[in-house]
Number of protein chains: 4
Amino acid sequence: MTFDVGIFGASGYTGGELVRLLARHPKARIAFVTSERYAGRPLSEVFPHLGALPELICRPLTDFTASVECDVAFCALPHLTSMDAVPELLDQGAKVVDLSADFRLRDAEVFRTWYGEEHRAEDLLESAVYGLPELGNRDAIRKARLIANPGCYPTSILLALAPLLKENVIERESLVIDSKSGVSGAGRSAAQGSLFSEVAEGFRAYKTTGHRHTPEIEQELSLLAGAPVRVRFSPHLIPQSRGILSTCYVRPRLPLTQKEWRELLATHYQHEPFVQVLPIGHYPSTNQVRGSNHAVLAVALDERTGWLVVMSVIDNLVKGASGQAVQNMNLLMGVEESAGLEQLPLFP
Amino acid sequence: MTFDVGIFGASGYTGGELVRLLARHPKARIAFVTSERYAGRPLSEVFPHLGALPELICRPLTDFTASVECDVAFCALPHLTSMDAVPELLDQGAKVVDLSADFRLRDAEVFRTWYGEEHRAEDLLESAVYGLPELGNRDAIRKARLIANPGCYPTSILLALAPLLKENVIERESLVIDSKSGVSGAGRSAAQGSLFSEVAEGFRAYKTTGHRHTPEIEQELSLLAGAPVRVRFSPHLIPQSRGILSTCYVRPRLPLTQKEWRELLATHYQHEPFVQVLPIGHYPSTNQVRGSNHAVLAVALDERTGWLVVMSVIDNLVKGASGQAVQNMNLLMGVEESAGLEQLPLFP
Amino acid sequence: MTFDVGIFGASGYTGGELVRLLARHPKARIAFVTSERYAGRPLSEVFPHLGALPELICRPLTDFTASVECDVAFCALPHLTSMDAVPELLDQGAKVVDLSADFRLRDAEVFRTWYGEEHRAEDLLESAVYGLPELGNRDAIRKARLIANPGCYPTSILLALAPLLKENVIERESLVIDSKSGVSGAGRSAAQGSLFSEVAEGFRAYKTTGHRHTPEIEQELSLLAGAPVRVRFSPHLIPQSRGILSTCYVRPRLPLTQKEWRELLATHYQHEPFVQVLPIGHYPSTNQVRGSNHAVLAVALDERTGWLVVMSVIDNLVKGASGQAVQNMNLLMGVEESAGLEQLPLFP
Amino acid sequence: MTFDVGIFGASGYTGGELVRLLARHPKARIAFVTSERYAGRPLSEVFPHLGALPELICRPLTDFTASVECDVAFCALPHLTSMDAVPELLDQGAKVVDLSADFRLRDAEVFRTWYGEEHRAEDLLESAVYGLPELGNRDAIRKARLIANPGCYPTSILLALAPLLKENVIERESLVIDSKSGVSGAGRSAAQGSLFSEVAEGFRAYKTTGHRHTPEIEQELSLLAGAPVRVRFSPHLIPQSRGILSTCYVRPRLPLTQKEWRELLATHYQHEPFVQVLPIGHYPSTNQVRGSNHAVLAVALDERTGWLVVMSVIDNLVKGASGQAVQNMNLLMGVEESAGLEQLPLFP
């Protein structure tokens, strides 16, 4: 009763994280991993921390798009590359969890605007399912052939705001979202801006207008609200490897107390295994979720100014990428949703 | 033509930073340093990086309040302690630059509300001058006997917003300020929350409502605007030692272009030696100002949502504390405003 | 077929790590945790990353020494405290894994010299078993009532040198060991020297002569060599939370090639699930083992000078403390040695 | 009475550091900076922390080798590139301080062995002066036309061992040197191994045998000893930007006490402005020298094993590169040796 998975693009951080999680999954078996760059070499050379898995050898991508040997294919390929590989994988009969941004936006026109290229697999956009189970679309995920695994920033923000927009208790305008991410979100490619000496002691803003996660956030918030939502989204880079903290500023439509706002969120997520809402007066830290698939939320009401602040933390590589992908795979394959994701966070 | 300075409370980070700057100041001479805790011991034991200054021995505070041997006294004592020492120092004839929060708020009632104690030197509040020269009150600083040296968060925020409120070009409501600070802002006292293992990989929110810098920010912004201003102020802790980045979200009252907003700030600060406004498309990083008295600002206009974003970075221990104190001292003593503050930032 | 464990001193880093590992152990059940300081409060307040375990409430130590409700008691109490609690726990019939240094030295006189106090449970020293299974004493561990869990530095060093001393292929004199540890080794107590701002960018030497792990290292190396061994042991502090890297300099007694030295180690550990020996030309990094119970070794022979260099890395809180304790528990209770310890390292 | 300097290769970390120091030097004026990669662009784009120097525009290297407009040329070019530029610069009449390794080794054969290429300016090797003033060759430096600025590791090690070898009080064999460096030593080129996520929490060994600084260390130690010296030199990478700590293990030839060893070093360096020897029982930390041209030494004698340990810390970019280059320039130009280097270390 096990099944086979393949990991396309295993040499990036999300690829390595998929291997870490799936190698210890009770039902999945890693059938193969691919890496163009390291084809033919052991994955343990690419990722020395995976030295306990000497049997995994990187294969070139081309081997597999023609003849897929897996039940579920994870695509951890770069944006604009995934959309070329996914159609072939689906044709071979695999279910696909795509970690790129290529199938997250439903509107090909919006894709073109933000990614600067025509979408080359536009016909798949409609059937792709946005894989954030806590938004309430588990049935769609279970039946999907292609899962668009959400972006890291969007995951942190949607978990914070979904209950409020769904229940129509905050204004849809004036959403201000100030997010901060660890540098692993920039990937493992050698880039001067990601060097240790550039990042350490160097908290910074970047892409203050125009970050590509903006349309993804707005698309999903609008669906939840049933009406157009626009967000002021500012990303920042934290001198740490993992973790996202999003601070969301919203205007309440109801005169609830701080405690009631906290209860609203807690009740909404009471049956969710991966979402925790902190007590009033506690604030989240990224080291509460490091290495785990958990999201932690907190609420603060500023009675002086009327702003409600909702904060969330996730590990960008787990709940923000590979952990969520495994969670989606579990739903796709009909196994326990938290299978392989029970690890507690690593602290310190 | 040199003058003598004394540093009260030299064993904290702002005290150490005062020594670093003043020991190389062309006109000031460090007459003495005090530390209750390390009284009798060389300052170079307290701060090994000051090994080149073996002659500085920590004296107890009590030695000096009775008989001050300096022209300018820097008080780097804790909040609620400074207000007991300052009156004595003034009585002895010294000019005082106080780095605590004790003389920043003009209204003793507001002080009581936020600090939980009666002010014990209430009569000095009126004559204390808020020492942020870039706000345009250099004359008052020059003539002052007591300078209330601004807080680190307020400095970063006031520099970003002063031109806009002074010229009445943004709404006074809906100010959302999301600030991030390095951990040296919490001081050198041993506290579990400041341990390396708690802070590293642990970006976090704290005091989301109710940080004590809030009334200071509002007082000064209101003075600039000529009308009451309230701010939604959220501080966060960055896993790095130094630096503050404040991201300020404001609503324009005029339909300026991004470039015009940038020019407005650049023009406002064109004669300021310590303020730089970045070109459009550039975003600030705390490592641009590390160890220096500079502030760097940047502007981004989000045309999609109408929000204007103003960002600023400072080194919290320099422009946010000790550097600004030296700048104020220079004005007080009639020497070049940038004397002793010419050092370029240290990067990486 | 599960069994109950109790964790004494759960509020330190090794205590938290025991909880992380044991909460997901297939056979062990955490019956209780103790903390004098946080008695009565949920452990998730002490360690927010354990928010998924709200049922664990800290009990005071005194509750339990009188009436132990567990099969295995983990003592994560401070040195010199453990030796008072352990006898009582044994009297109650529990097996004990002690993570302190109190039962590691066989000679009470040596203990007195290095720890400055009389040993108050001297009669237990003889029967305590030093719990480093890879040294080859698994049978003794299985039959023990009291396990002295090794220190973090000694674990890293013994794994590197045991095969060489056991087979008598290096000189017993001239051992130079230069070790580097992450700051979590200093524990969670608030201390100025462990503050983020003191540690970041502040690699340093400490206790260059006289570190208390020295006699532990020498005792075990001497037992392996069958003759007295002395070591020049220098610890250093790395600006990171977890991980130890030990660089050991030894003089060969045999003219082996680099490859043969590597083979010697690889062969020695070929059946060990937690020890990996890197290929020639690869060097270990602490991030290869972070969060896991693995040790990674490497060898380099300097033909120019004749020195052989053996390097090892472990996670000081896992293989250097809590993971090794669980490994010992597994042996004690007759379950699979790697049960609960299968997690792969977390990288980045 | 000022003079002009040019900086060749200004876009690397040592180049940026030269600019930081020279822009505030009382006698030197930066006439130009070069960067092939950023030719035509302001240096403040390359290094945002140099925003206060908007007038510096990067020129291409080729502009200047033909017609040098400076009294002193600093070559911060890569190894194997410098040796092509230096002869031309000398021909133009400039004095040259070369920060590369190209002119440090006196023996072209040794150069070939370690750098894998023929030396293309072999005739200059004899007249090049190794620029470590504390070794006692100030006269030669003053009269030189070409200064070979020492490597960072060699500087830290030579300062620690020079007095002992010069006075022939330690064995020349059995030198074990375990060095640790911040990652800025690897330069600013984008390389996967220097990414924040690879370096943070990832202390590691590298090039354990065969680091190219080995022959430089041995050459200078041998000159000091008047007889061949070989060293066992192991470099390691610290997760921090700046700083080197070298731990040197040597065998005494004299039965001195720890205090006497300390005095020997202190006396040797008593007139050196940039070298400090710590009291017994104090150990150095890299954050004692960060941003400054100081070296801090400490001594520990292990009476149990007979090993003497000498430790040193420097800032690899200052005393280990650009600060030392400025110190050499000061000697070359007959100005105060510490001119422009008075800055105290930045801590935290």
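The values are calculated or read from the model by the stated rules, or taken from the named source; none is laboratory data. Note that this is a predicted model, so its numbers are computed, not measured. Glycine gets a Cβ as well: all are built from the backbone with ideal geometry, and neighbour counts include every protein chain shown. Quick note on the areas: whole protein, heavy atoms, side chains included, nothing else; ligands and nucleic acids left out. Shrake-Rupley method; radii C 1.70, N 1.55, O 1.52, S 1.80 Å.
So, in nm, how far is label C:ARG120 from label A:GLN92 when the simple model puts each one 7 Å beyond its Cα toward the Cβ?
6.7 nm
Principal axis extents for segment B:213-343, Cα atoms only, whole Å, descending order, please.
The Cα atoms of segment B:213-343 stretch 46, 34, 32 Å along the principal axes, largest first.
Set the Förster distance to 41 Å, then compute FRET efficiency between C:GLU55 and C:ALA108 from the Cβ-Cβ distance, nearest 0.05.
In this case the efficiency is close to 0.50.
Within 10 Å of each Cβ of C:305-311, how many other protein chain Cβ atoms are there on average?
5
For segment C:239-273 and segment C:20-81, what is the separation of their C-alpha centers, rounded to whole Å?
First find each Cα centre; the distance between them is then 36 Å.
How many percent of the alpha carbon pairs in segment B:262-305 exceed a separation of 13 Å?
In whole percent, the long-distance tail amounts to 57.
Nm distances between the label at B:ASN137 and the same-position labels in the remaining copies, 7 Å along Cα→Cβ, shortest first?
Those separations, rounded to one decimal, come out as 5.4, 6.0, 7.1 nm.
Report, in debye and to the nearest 20, how large the dipole of the protein assembly as shown comes out about its Cα centre when Lys and Arg carry +1 and Asp and Glu carry -1 on their Cβ.
Taking the Cα centre of the protein assembly as shown as origin, the dipole is about 0 debye.
Whole-Hz ³J(HN,Hα) for each residue in segment A:45-50, computed from phi via Karplus 6.51 cos²θ - 1.76 cosθ + 1.60 with θ = phi - 60°, x for glycine and proline: what do you get?
7, 6, 10, x, 6, 9
Under unit Cβ charges (Lys, Arg +1; Asp, Glu -1), what dipole magnitude, rounded to 20 debye, does chain D have relative to its Cα centre?
With only Lys, Arg, Asp and Glu charged at Cβ, the dipole is about 720 debye.
Over both sides of the B-A contact, add up the buried accessible area with a 1.4 Å probe and give it to the nearest 100 Å².
3900 Å²
Using only alpha carbon positions, build the gyration tensor of segment A:75-129, then give the equivalent ellipsoid semi-axes as the square roots of 5 times its eigenvalues, largest first, whole angstrom.
They are 18, 12, 9 Å, listed largest first.
If we sort D:14-24, C:267-277, B:238-248 on the protection proxy, mean other Cβ atoms within 10 Å, highest first, what's the order?
The peptides rank, most packed first, as B:238-248, D:14-24, C:267-277.
Order these peptides, A:211-217, A:125-131, by their mean beta-carbon neighbour count within 10 angstrom, highest first.
Result, highest mean Cβ count within 10 Å first: A:211-217, A:125-131.
Could you tell me the ratio Rg/Rh of segment D:95-175? Both radii from Cα atoms, Rh via Kirkwood.
For segment D:95-175, the value is 1.00.
In chain D, what percent of the accessible surface is made up of carbon and sulfur (1.4 Å probe, ligands and nucleic acids excluded)?
It is 47 percent, rounded to a whole number.
When only the heavy atoms of the protein chains count and the probe is 1.4 Å, how do C:ASP4, A:ASP139, C:ASP123 rank by accessible area, highest first?
Accessible-area ranking of C:ASP4, A:ASP139, C:ASP123, largest first: C:ASP123, A:ASP139, C:ASP4.
Express the relative contact order of chain B as a whole percentage, based on alpha carbon pairs under 8 Å and six or more residues apart in sequence.
Relative contact order of chain B: 17 percent.
Which semi-axis lengths, in whole Å and largest first, follow from the square roots of five times the eigenvalues of the Cα gyration tensor of segment C:3-127?
Each semi-axis is √(5λ); the values are 27, 15, 13 Å.
How big is segment C:163-209 along each principal axis, measuring the range of its Cα positions in Å and listing the largest first?
Here the Cα extents, ordered largest to smallest, are 45, 18, 17 Å.
Based on the Cα coordinates of segment C:161-253, what is the per residue volume of their convex hull in Å³?
Cα-based convex hull of segment C:161-253, divided per residue, equals 97 Å³.
Mind checking C:207-216 for the average number of partner chain beta-carbons within 10 Å of each residue's beta-carbon?
The shielding value for this peptide is 3.
Counting only C-alpha contacts under 8 Å and six or more residues apart, can you give the relative contact order of segment B:38-140 as a whole percent?
18 percent
Can you tell me which of B:SER189, B:SER292, B:SER82 moves the most in a GNM of chain B? Springs connect C-alpha atoms under 10 Å apart.
Evaluated over chain B, the most mobile residue of the options is B:SER189.
Pull up the cross-link candidates among the aspartates and glutamates for C:LYS259, meaning alpha carbon to alpha carbon under 18 Å and not fewer than 8 places away within one chain.
Straight-distance partners of C:LYS259: C:GLU167, C:ASP302, C:GLU303.
Label C:GLU36 and A:ALA190 with points 7 Å out from Cα along Cα→Cβ: what is the distance between them in nm?
5.4 nm
Per DSSP H run of n ≥ 4, the term is -39500 (n - 2.57); total these for chain A, divide by its residue number, and report the mean residue ellipticity at 222 nm rounded to 500 deg cm²/dmol.
About -8000 deg cm²/dmol.
Compute the distribution of all C-alpha to C-alpha distances in the protein assembly as shown, in bins of 10 Å from 0, and list the percent of pairs in each, rounded to whole numbers.
Taking all Cα pairs of the protein assembly as shown, the binned fractions are 2, 8, 16, 21, 22, 18, 11, 3, 0 percent.
Which value in Å is the Kirkwood Rh of chain B over different Cα pairs?
Over chain B, the inverse of the mean reciprocal pair distance is 20.5 Å.
Look at the axis of the rotation that sends chain D onto chain B, then give the chain D residue with the nearest Cβ and the distance in whole Å.
Here the value is D:LEU346, 3.
Can you tell me which of B:105-113, A:219-227, D:158-166, B:307-315 comes out highest on packing, and rank the rest after it, using the mean Cβ neighbours within 10 Å?
In decreasing order of mean packing, B:105-113, A:219-227, D:158-166, B:307-315 become B:307-315, D:158-166, A:219-227, B:105-113.
Copy-to-copy spacing for B:SER189, label 7 Å out on the Cα-to-C-beta vector, in nm, shortest first?
Taking the point 7 Å beyond Cα along Cα→Cβ, the inter-copy spacings are 1.9, 4.8, 4.9 nm.
Taking Cα centroids, how far is segment A:143-220 from segment D:84-116 in Å?
Centre-to-centre (Cα) distance: 50 Å.
Let a ≥ b ≥ c be the square roots of the eigenvalues of the Cα gyration tensor of segment B:70-210; is it rounded (a/c under 1.5), or, if not, prolate (a/b larger than b/c) or oblate?
oblate
What number comes out for accessible area per residue over segment D:3-127 if the probe is 1.4 Å? Units Å², please.
In whole numbers, segment D:3-127 has 39 Å² accessible per residue.
Within 10 Å of each Cβ in peptide C:39-47, how many partner chain Cβ atoms are there on average? Round it to a whole number, please.
Going residue by residue through C:39-47 and averaging, the value is 1.
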